[in-house]
Ligand SMILES: Nc1ncnc2c1ncn2[C@@H]1O[C@H](COP(=O)(O)OP(=O)(O)O)[C@@H](O)[C@H]1O
Ligand SMILES: [Mg+2]
């Protein structure tokens, strides 16, 4: 049998948060649609990006995929095994293969423990002998370009960038099949963001690390990812390879995100599309397109009555819009 091409397949994933307390609920239950019918897959050795504004549901998707958060329905197929609904006990043997790196590296380490102690204990947990641990730690430190004196320090004695590199080292210590990185550089100074991103690129190029990389920063995603999904209020609005999505952007939301990013050069010409208003909340979302209230190409009729589905536009590029850029789908339903 041929080896499965995908490390992760997410199908029709749904997570709605119930709003308010039981009394209010009696008057009518309201739900926040944090993740609505989200499907994507990640090939082995690929870095897949999820991008969107704050509150668009990126972290919810990540947490559901790792079963750190219950999902309502869908399928989560990890290396051929459907892990949807797995309990913490069922997830335990999979944890070493599904690792994560979060935004704030300080929160990832015990503040009272010297870092060496943390790593040693973790190595024991993974069943390594002292010798194996020492060899592995040496390898990891070379990899993250830190000297071994960091191991005698407490987390607060290191910079955010150094600590995030150690958080990445810990995530890959077990040689996981998959790493979720949720905004791993967002809390770092711009000057050290590049170091951490370059480390991520090394992980991919040298170790073939499969990764789900969540970010709100288009530059970062473009630099790092092979494919990307753009999310808005819990749904994927556009997805494809980085080259396709950036050079042939079709959804007005993606277009707005790209034009909102700072110019790389002061003389760069750019079509400015400013998003109207803040991201609305995803409670009791109406029929129609969720982006309609902020869309530059909104047309009454179709946009507020029919929910656009992801359509295959060729070259692995999918878009959920009634009027994608460069296409006239006015007559299509
Ligand atoms: N545990 C929770 N209970 C209720 N609402 C939540 C919870 N977690 C997230 N949300 C809501 O779900 C939406 C998506 O949040 P999140 O996934 O954190 O977005 P992002 O990571 O893109 O900023 C937001 O409106 C957020 O307030
Ligand atoms: Mg988040």
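The values are calculated or read from the model by the stated rules, or taken from the named source; none is laboratory data. Since we're looking at a predicted model, the values are computed, not measured. Methodologically, a virtual Cβ is constructed for each residue, glycine included, from the backbone with ideal geometry; neighbour enumeration extends over all protein chains shown.
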Say whether the condition of being at pLDDT 95 or above, more than 16 Å from ligand 1 (Cβ to nearest atom) and under 30 Å from residue 253 (Cβ atoms) is met by at least one residue in segment 93-112.
yes
Residues (surrounded by fewer than 17 Cβ atoms within 10 Å (Cβ to Cβ) and away from ligand 1 (no atom under 16 Å from the Cβ)) located in segment 44-58:
44, 45
Within segment 172-201, track down each residue that is outside any strand (DSSP E or B) and under 28 Å from residue 93 (Cβ atoms).
172, 173, 174, 175, 176, 177, 183, 184, 199, 200
Hits in segment 66-106 (condition: closer than 26 Å to residue 163 by Cβ and touching a strand residue (DSSP E or B) at 6+ places or on another chain (Cβ under 6 Å)):
66, 98, 99, 100, 101, 102
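Okay, residues lined up against (1) at pLDDT 95 or above; (2) closer than 16 Å to residue 104 by Cα:
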| position | (1), (2) |
| --- | --- |
| 130 | yes, no |
| 136 | yes, no |
| 157 | yes, yes |
| 199 | no, no |
| 225 | yes, no |
Go through (1) assigned to a loop (DSSP other than H, G, I, E, B); (2) in contact with a helix residue (DSSP H, G or I) (Cβ under 7 Å, 6 or more places away or on another chain); (3) more than 14 Å from ligand 2 (Cβ to nearest atom) for residue 69 and report which single condition fails.
(3)
Can you find a residue in segment 209-219 that is within 16 Å of ligand 1 (Cβ to nearest atom), modelled with pLDDT under 95 and out of contact with any helix residue (DSSP H, G or I) (no Cβ under 7 Å at 6 or more places or on another chain)?
yes
Given the conditions (1) within 16 Å of ligand 1 (Cβ to nearest atom); (2) not in a strand (DSSP E or B), and given that residue 229 satisfies all but one, which numbered condition is not satisfied?
(2)
Does residue 151 qualify as being part of a helix (DSSP H, G or I) and touching a helix residue (DSSP H, G or I) at 6+ places or on another chain (Cβ under 9 Å)?
yes
